[in-house]
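The values are calculated or read from the model by the stated rules, or taken from the named source; none is laboratory data. Please read all numbers here as calculations on a predicted model, not as lab measurements. So basically every Cβ, Gly included, is an ideal-geometry build from the backbone, and we count neighbours across all protein chains shown. To get the accessible areas, we keep the full protein, side chains included, count just its heavy atoms, and leave off ligands, DNA and RNA. Shrake-Rupley method; radii C 1.70, N 1.55, O 1.52, S 1.80 Å.
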Amino acid sequence: MSGIVGMIHLDGSPVDRPLLDRMTAFLACHAPDGQRIWCDGNVGLGHALLCTTNQSVDERQPDSEDEHLWIAADARIDDRDSLIDRLGAPDGARLRDAPDGRLIGRAYRRWGIDCLDYLIGDFSFALWDRQRRQLFCARDHFGVKPFYYARLGDCLVFSNALDCVRQHPQVNQSLNDLAIGDFLLFGHNPEPNTTVYRDIHRLAPAHRLLWSPNQLQISRYWQLSVGAEIRYRRADDYLDRCQELLDRAVADRMRTNRLAIYMSGGIDSPALAATACGLAAGQAEPTELRAYCLVYDRQPDQERYYSGLVAAALGLPIDYTSVDDYRLFERWDTPALRRPEPMDWPLLAINHDSLTAIAKFSRVVLYGEDGDALLAPSNLKNLYRRMPIRQLLADLGGYLWQARKLPPLGLGIRASFERILGEIPAEPSFPSWLNPDFVQRFGLRERWQMHRQPRPLPGATRRPEALRQFGLPHWQRLFESNDPGATGIAVEHRYPLMDLRLVNYMLALPTLPWCIDKMLLRRAMRDRLPTAVLDRPKTPLAIDPYEALLKDPGSHGIDAFPATQSLAKYVIRDAVPTLTGASYDAQVSWLHLRPLMLNHWLQSQSMDR
């Protein structure tokens, strides 16, 4: 992730160059390959380079070809050859080696702000059009690349790193109390436009920001939807098309000489590893690959075994990190684990140490999110009710042929019985440790009820559950927490399964047989991965590691945490229940851990000042 920063003075006053220089330098901790700024009167852009593609080695941003358009971008543009062909540029051959920011500039010159209709990939950018006196910023479709901004009187300041925006002296450091309340209740901020700071906003995924004199506009440019259902005559056609799109998705994310892959013993990340190995073997200059796997060796965890089968079959070097000995909130008081916003993960040290190990090998890691959302099956009872009987029988026959068993006809019913029988834990109660004044001021009890209600599924689509999962706010939290601007480590996560072409294809598939138990990926990988891995059902850990840690006598100290003075505004410290040694319920225990998570974060903020 390269760092971008910029500011525009809406009253026409000149930009403070030394301030812009300092804010750009702030980004160098995770983008160390060179910093540069550009100013033109009341507008300034800064860029800190992190080389993660072969085309970025000689990149210099902010970039301009003609002194009229200037761009600062953190971008990886996919399907570059098709884009260059559509641009119809006379120097198209030379553009094939151009940095990605240059392609965005060319696309804007060709189509204006509608260039977003032609761009795919992960991107966050700011483009200044000197002739139109127009600032144009955008964030990619799924929000993999962050973008933050603050309107400070007559100044607009922006960056793809939250803490960079905070470096502007006019940014008020006051907290957004509603975001704090949402974190305590849900573990994340469900509002896509706000941050934990009152002055700083985030540009939501698939949105653009446009400023021209006297007008600031923010609008959505894309919405995920389910297209017309794909129907092929041959089953292998579905598999061939899946592999073709997976090849493209991985190849577009392999534009580097070294590539790390997060590996598990499931199906998603092994499918990415198998695809990457196949592509690397066919390159003139092969990419060096290495897998990284987190394992519990003292629990009934089989990730080491199954990921080892994959690595051996692919001839892929693999590094294992045993995480049995990590403690809750380990090293949370150190600067290395400080995060721009509160984090809902007490084992954050695992993530930090894993990324640190990867950074010694590569600046890019493939991450296997999220086949579960892509292939989330529809409720089969409703599906059967709507489907013509002829098509139903054909799809049932297809599933029987592929799976050699009947489909789960009662999908959606079993969960109801499990809840009645007590096998699914009940929802936790509204926390009594919240400060009553805080609860009343922000209507948190009503907010709790509203956000804990099951979201209505789109009624007119064939894949409502998949759309519901893609609409969950955890995606924004995942992408932003893994971004180098948050971790401070120069490693960029890439998500091939979130490739727009692949997502559109998988959402258009028939539920039967392809979306049941990830049949599509399992069949597409039948000649690439070991049979034991392909036949392995989705397998969670036999023991919740947090339950084991809370029952460990070594964790008792977390119940005696000293509260910061600022925590009292939100939490009644003495009302937080004891967790260690108590009976464990995943949802309830996690809820009661959040005051401690917030307390740690508030302490880190006080050290910043």
**Asked** So how many residues does the range 130-153 have that are among the charged types (D, E, K, R) and in contact with a strand residue (DSSP E or B) (Cβ under 6 Å, 6 or more places away or on another chain)?
**Response** 3
**Unmet criterion (only one of (1) under 30 Å from Asp163 (Cα atoms); (2) in contact with a strand residue (DSSP E or B) (Cβ under 9 Å, 6 or more places away or on another chain)) for Tyr326** = (2)
**Search result, residues across the range 499-530 that are closer than 22 Å to Gly278 by Cα and of a type in the set (Gly, Ala, Ser)** = Ala524
**Request:** Considering only the range 495-516, state which residues are within 17 Å of Ala206 (Cβ to Cβ), hydroxyl-bearing (Ser, Thr, Tyr) and either without any contact (Cβ under 8 Å) to a residue 24 or more places away in the chain or in a helix (DSSP H, G or I) (or both).
**Result:** none
**Selection within the range 553-606 - within 17 Å of Leu434 (Cα to Cα), among the hydroxyl-bearing types (Ser, Thr, Tyr) and either assigned to a helix (DSSP H, G or I) or touching a residue at least 60 places away in the same chain (Cβ under 8 Å) (or both)** = Ser566, Tyr570, Ser589
**Asked** For the range 172-190, does any single residue satisfy the condition of being hydroxyl-bearing (Ser, Thr, Tyr), in a loop (DSSP other than H, G, I, E, B) and either in contact (Cβ under 8 Å) with a residue 60 or more places away in the chain or surrounded by fewer than 20 Cβ atoms within 10 Å (Cβ to Cβ) (or both)?
**Response** yes
**Prompt:** Tell me, which residue of the range 354-399 that is of a type in the set (S, T, N, Q), modelled with pLDDT under 85 and not in a loop (DSSP other than H, G, I, E, B) is nearest to the chain's Cα centre (by Cα)?
**Reply:** Asn382
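Tell me the residue from Arg234, Arg166, Arg253 that is crowded, with 18+ Cβ neighbours inside 10 Å and either closer than 30 Å to Asn435 by Cβ or free of Cβ contacts under 8 Å to residues at least 40 places away in the same chain (or both), please. It would help to see each step written out before you state the result.
Details: Arg234 fails: crowded, with 18+ Cβ neighbours inside 10 Å; Arg253 fails: either closer than 30 Å to Asn435 by Cβ or free of Cβ contacts under 8 Å to residues at least 40 places away in the same chain (or both).
Checking each option against the conditions leaves just Arg166.
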**Request:** Looking for whichever is among the charged types (D, E, K, R), open to solvent by 80 Å² or more (accessible area, probe 1.4 Å) and within 30 Å of Asp240 (Cβ to Cβ) here; the options are Arg522, Arg526. Which one fits?
**Result:** Arg526
**Asked** Of all residues in the range 472-486, how many are open to solvent by 20 Å² or more (accessible area, probe 1.4 Å) and of a type in the set (Asp, Glu)?
**Response** 0
**Message:** Of the conditions (1) surrounded by fewer than 21 Cβ atoms within 10 Å (Cβ to Cβ); (2) at pLDDT 95 or above; (3) of a type in the set (Ser, Thr, Tyr), Thr578 satisfies every one except a single condition; which number is it?
**Reply:** (2)
**Fill in**
If we keep only residues of the range 198-215 that are in a strand (DSSP E or B) and in contact with a Pro (Cβ under 9 Å, 6 or more places away or on another chain), then the residue farthest from Arg339 (Cα to Cα) is His207
**Complete:** All conditions in (1) over 24 Å from Gly308 (Cα atoms); (2) over 28 Å from the mean Cα position of the chain (by Cα) are true of Pro530 except (1)
**Message:** With the requirement that a residue be open to solvent by 20 Å² or more (accessible area, probe 1.4 Å) and in contact with a strand residue (DSSP E or B) (Cβ under 6 Å, 6 or more places away or on another chain), what does the range 263-288 give you?
**Reply:** Glu288
